[in-house]
Amino acid sequence: MSARFKPLEGQVIVVTGAGSGLGLTIARLAAKAGAAVVLSAGDEATVRTACAEIGGRCHPVAADLSTADGCDRVARAAVARFGRIDSWIEASGAETALVSTVQALAKHLGEGEGSAALVAFGQRIDKAARAELRQAKGRIAATLIKLPKDWRHDSPAKAAAEAALHAIAKPMGEMAVAAKGKSLTAVTQVRKHPGVLVGVGLLAVAGAALWFGRGRIAGAAAAARPRIASAGRAVLTGVVKRRPLLAAQIVAKHPKQAARLAKALR
């Protein structure tokens, strides 16, 4: 999916399973980004304590998220408190929660209020949930984040939480967290930053043609090199402007490669 939604600071986000672990980490990051956050978990005292700790525009709702009534209760509370729901991050881990979540979200979106983003964690979206998403007729953009097989409740949650917040601003259909949970997989990183892939691909093609080519192929590649370099500069400049911290981290980690790339793009 390539749809884009509101920036985080303008969103009303429901986070289930927010009493601890991954859900709580997501809620903290969302609130820090300026979003209005509805925290939900089964234990009322836990979710109220978490909400008090987070502060800001935070609203606690205790509900049994394994039931349709529980998910509907959360949706009604979110709409009553903040007027709408922009995104829903299902981190409760309840097996039946996703179907009920889609039903509740579709029911409380309201007519003419646009689309909502839905993020779920697991290895797949089951048939029942997919059927409910089809019934929503494109009004719910779902992203599945695959957690590693060695994932535990106390695994590092920051990478998965940041992936979830990325997905509600730009739904991607599917993402994956690498083993041990400390980062995203390389494929997911490339999908998050397609401009980097395009720039590297252009340079790789030009380099291969110049290195292995002969006669007309080498001549054509040499003639095209200034244009490719110009396109590569534009792509990489855009990436640096959008992701300055990421660019700085890459340069610091691979200084020699960065110097060679800068030389090639002159």
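Quick one: which of Lys6/Lys127; Lys6/Lys32; Lys107/Lys137; Lys158/Lys182 span more than 18 angstrom between C-alpha atoms?
In this structure, Lys6/Lys127 exceed 18 Å between Cα atoms.
Provide the percentage of antiparallel DSSP beta bridges, counting only those with both residues in region 8-189; round to the nearest 5.
The answer is about 5 percent antiparallel.
Using the Cβ atoms and a cut-off under 13 Å, what net charge is assigned to the surroundings of Ala247, where Lys and Arg are +1 and Asp and Glu are -1?
Around Ala247, the charge tally is +4.
How much net charge surrounds Glu53 when only other residues with a Cβ under 13 Å from its Cβ are counted (Lys, Arg +1; Asp, Glu -1)?
Around Glu53, the charge tally is +3.
Near Ala179, within a Cβ-to-Cβ distance under 12 Å, what is the net charge of the other residues, with Lys and Arg +1 and Asp and Glu -1?
+3
Could you please rank Glu53, Glu132, placing first whichever residue has the fewest other Cβ atoms within 10 Å of its Cβ?
Glu53, Glu132
Rounded if a/c is under 1.5, else prolate if a/b is larger than b/c, else oblate: which is region 1-123, with a ≥ b ≥ c the root eigenvalues of its Cα gyration tensor?
rounded
What is the fewest-to-most order of Ile89, Ile140 by other Cβ atoms lying within 10 Å of their Cβ?
Placing the least packed residue first, the sequence is Ile140, Ile89.
Starting with the fewest neighbours, write out Leu39, Leu144, Leu65 ranked by other beta-carbon atoms found within 10 Å of each beta-carbon.
Leu144, Leu65, Leu39
We did not get these values from a lab; they are worked out from the coordinates using the rules stated. Keep in mind that what you see is a predicted model, and the values were worked out from it rather than measured. Because the Cβ atoms are built from the backbone with ideal geometry, glycine has one as well, and the counts that use them run over all protein chains shown.
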